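The values are calculated or read from the model by the stated rules, or taken from the named source; none is laboratory data. Worth saying up front: this structure is predicted, and the values here are computed from it rather than measured. A quick note on method: Cβ atoms are made from the backbone with ideal geometry, for glycine too, and the neighbour counts reach across all protein chains shown.
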Amino acid sequence: RRSGVAASPKKARTQTTPLQQKLTDLYEAVRNFTDNRGRRLSAVFLRLPSRSELPDYYAAIKRPIDMERIRSYMVQGRYQDVDSLAEDFILMFNNACTYNEPESLIYRDALLLHRAFLEARRQIEDE
Ligand SMILES: CN(C)Cc1ccn2c1[nH]c(=O)c1c(Cl)cccc12
């Protein structure tokens, strides 16, 4: 518990809406995707290097985004539907394929995660 915060008599249990559940399921599907060797491909996509670490990235990529930012938008309730979450994931994958060479691991991982996202979305929309 954060010190100094008055204990609320009853912890208000925030109800997740069906949309929030869908968004979380899609985010987790990408976050938890592993290849057949058990490697979690999302690891490198969680956090972009900073502008000082990778200046030419920010010169080349108009709208840099990483999974931490997508997650914070999601928990802030900024995605009003599944398509707007999809847009940001697709933006991220496209950024990875714009900046990195086609032979690079991160380029290939972006394609695999993009496919994993689309499959998860199909399953969720079919429910
Ligand atoms: C391998 N290294 C120099 C590039 C690198 C390193 C990390 N990240 C990248 N490239 C990316 O595009 C990228 C994206 Cl979209 C989201 C999050 C992290 C990324």
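May I ask you to verify whether ALA60 is within 11 Å of the ligand (Cβ to nearest atom), loosely packed, with under 13 Cβ neighbours inside 10 Å and within 13 Å of the chain's Cα centre (by Cα)? Show your work before the answer.
Details: within 11 Å of the ligand (Cβ to nearest atom): yes; loosely packed, with under 13 Cβ neighbours inside 10 Å: yes; within 13 Å of the chain's Cα centre (by Cα): no.
Judged against the criteria, ALA60 is not a match.
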In region 99-116, what count of residues is obtained for those that are touching a helix residue (DSSP H, G or I) at 6+ places or on another chain (Cβ under 7 Å), more than 7 Å from the ligand (Cβ to nearest atom) and farther than 19 Å from GLU28 by Cα?
-> 2
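To keep it simple, each residue is scored yes or no on (1) free of Cβ contacts under 8 Å to residues at least 24 places away in the same chain; (2) within 11 Å of the ligand (Cβ to nearest atom); (3) surrounded by fewer than 16 Cβ atoms within 10 Å (Cβ to Cβ); (4) more than 18 Å from GLN21 (Cα to Cα).
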site: THR34; (1), (2), (3), (4): yes, no, yes, yes
site: GLY38; (1), (2), (3), (4): yes, no, yes, yes
site: MET74; (1), (2), (3), (4): no, no, no, no
site: GLY77; (1), (2), (3), (4): no, no, yes, no
Filter region 9-32 down to residues that are under 26 Å from ASP81 (Cα atoms) and part of a loop (DSSP other than H, G, I, E, B) and give me whichever is nearest to the ligand (Cβ to nearest atom).
-> ASN32
Those residues of region 109-127 which are part of a helix (DSSP H, G or I), of a type outside the set (A, V, I, L, M, F, W, C) and at pLDDT below 95 amount to GLU125, ASP126
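Looking at ILE65, ILE70, ILE106, ILE90, which is the one that is among the aliphatic types (A, V, I, L, M) and assigned to a loop (DSSP other than H, G, I, E, B)? Can you show your working first?
Working: ILE70 fails: assigned to a loop (DSSP other than H, G, I, E, B); ILE106 fails: assigned to a loop (DSSP other than H, G, I, E, B); ILE90 fails: assigned to a loop (DSSP other than H, G, I, E, B).
Sole residue among the options that is among the aliphatic types (A, V, I, L, M) and assigned to a loop (DSSP other than H, G, I, E, B): ILE65.
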